[in-house]
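Reading through the structure tokens given below for one structure.
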Amino acid sequence: MHRRSLLQLGSAAALTFGGARLWAQSPSQVGPDARFLLVFLRGGYDALSLLVPSGGFYKEVRPNIGVPWAAPGSGAAVGNGPALTAPSTTTATTTATPAAPSPTATPLNADWALHPALQGSVLPLARAGQAVFVPFAGTHDTSRSHFETQDSIELGQGHEGTAARDFSSGFLNRLAQQLGARQSIAFTEQLPLSLRGAAEVANVSLKAVPRAGAALQEPLIAMYRGTPLQDRVSEAFGVRNEVAREMNAMNAMTAMNGEMEAANRGAISSRGFELEARRMARLMRERYALAFVDVGGWDTHVNQGAATGALATRLEELGRGLAGFAQEIGPAVWKKTVVVVLSEFGRTTRENGNRGTDHGHGSVHWVLGGGLAGQAGPVAGDQVAVAQRTLFQNRDLPVLNEYRSVLGGLLGRQFGLSDAALRSVFPGAAARDLGLL
């Protein structure tokens, strides 16, 4: 089968159980067989719910959807949630059961706190120096169009809004060309724009159970019954079927919102990502050096929630998937792995009338890996206070950390790429080393 072809269910099982494979290497900052995974959140996720800023301005512009956070060393909630007060010492004849306190974001430093949905998954990685957040990040594309900006980022050519774009060449494919014999894969139904180009790239759908695959399910399970692979084959079909059910549920939910459905571009749900992350890790541990996956459902115009709610659920699922990926790939390979999570844009600082947020500009990128330097701290890159005076076009976070420069600096260190190689991957962009590796 041609490696550009969609890998169907039977061959996907073969991929999962394949043995280790060696390829030509070049020196790397995190090991001779470094891995890189790009997780693209389609729909423009709300970065100011993930990384919650301190200060009264945030409370002012998000009276209903702001995520409360507790200041370091205090028991008081700072933000929009109820204050956490000490229990009363007054004696009463009857005692009402106190309401459970609202979940609060965990401070990463004096300026930023992490959404409570990630306390059991990504927060431990951040505390171990294995997760860093880069706020005020993104592209200079100002269209606020899902499709325009997604294309702009995936192409990585720096021609936002112009006719000079070359849609036959995505930045990850150009990176794959620079990495030579190392193998690349997209965990998507169709090859994404970022991986289109001259380098050969495999792709495997995580969300779909093809009709032919469904027909082969029982024969394949029967064929492996009684062998050492019996449980793995059954698990492969079980997880794939569950992902398909989750995707059907997400499609039913988003069918009422044509824009959200289109912005997802067929991406897997956050629940699907959580279910499949360990399988992705096994594939990358054994075979693939460069990978891409997209996750949909982040266009939260209506009822996005705050510390709990729709967005919190998606963040929790995403976080568990990322933590599971780190665990499954194993400590040795995790030290050589970098995972970047990004979205096409952030969202407005001010909540809208539907208790959601609209398309914005600056966002927050996540960088995870077992080999991060740790010296940058949990929040890195150029920053300003989140205040009315610093907003872009009086509504959004500005972009101070251009994504091509940030990724260029990161990939240059990880794979030991020369300046000339980086110019090929991101033409016209100057790489910036934020000290993440």
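Overview of values
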read-out: All positions within the range 283-299 that are under 26 Å from S145 (Cβ atoms) and out of contact with any Phe, Trp or Tyr (no Cβ under 8 Å at 6 or more places or on another chain); value: G296, G297, D299
read-out: Counted residues, the range 326-365 - those being in contact with a helix residue (DSSP H, G or I) (Cβ under 6 Å, 6 or more places away or on another chain) and among the acidic types (D, E); value: 2
read-out: Identity of the residue in the range 327-350, small (G, A, S) and touching a Ser or Thr at 6+ places or on another chain (Cβ under 8 Å), that ends up farthest from G412 (Cα to Cα); value: G346
read-out: Subset of the range 409-433 that is part of a helix (DSSP H, G or I) and free of Cβ contacts under 8 Å to residues at least 60 places away in the same chain - its residue that is surrounded by the fewest Cβ atoms within 10 Å (Cβ to Cβ); value: A420
read-out: Residues located in the range 128-140, provided they are in a loop (DSSP other than H, G, I, E, B) and either buried (at least 24 other Cβ atoms within 10 Å of the Cβ) or in contact (Cβ under 8 Å) with a residue 60 or more places away in the chain (or both); value: G129, Q130, T139, H140
read-out: Some residue of the range 116-125 being within 27 Å of the chain's Cα centre (by Cα), buried (at least 22 other Cβ atoms within 10 Å of the Cβ) and at pLDDT below 80; value: no
read-out: Scan of the range 324-344 for residues that are touching a residue at least 40 places away in the same chain (Cβ under 8 Å), among the aliphatic types (A, V, I, L, M) and farther than 18 Å from R271 by Cβ, ordered by number; value: A326, I329, V333, V338, V339, V340, L342
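The values are calculated or read from the model by the stated rules, or taken from the named source; none is laboratory data. Everything numeric here is computed off the predicted structure, so don't read it as measured data. Glycine also receives a Cβ, built like all others from the backbone with ideal geometry; neighbour counts cover every protein chain displayed.
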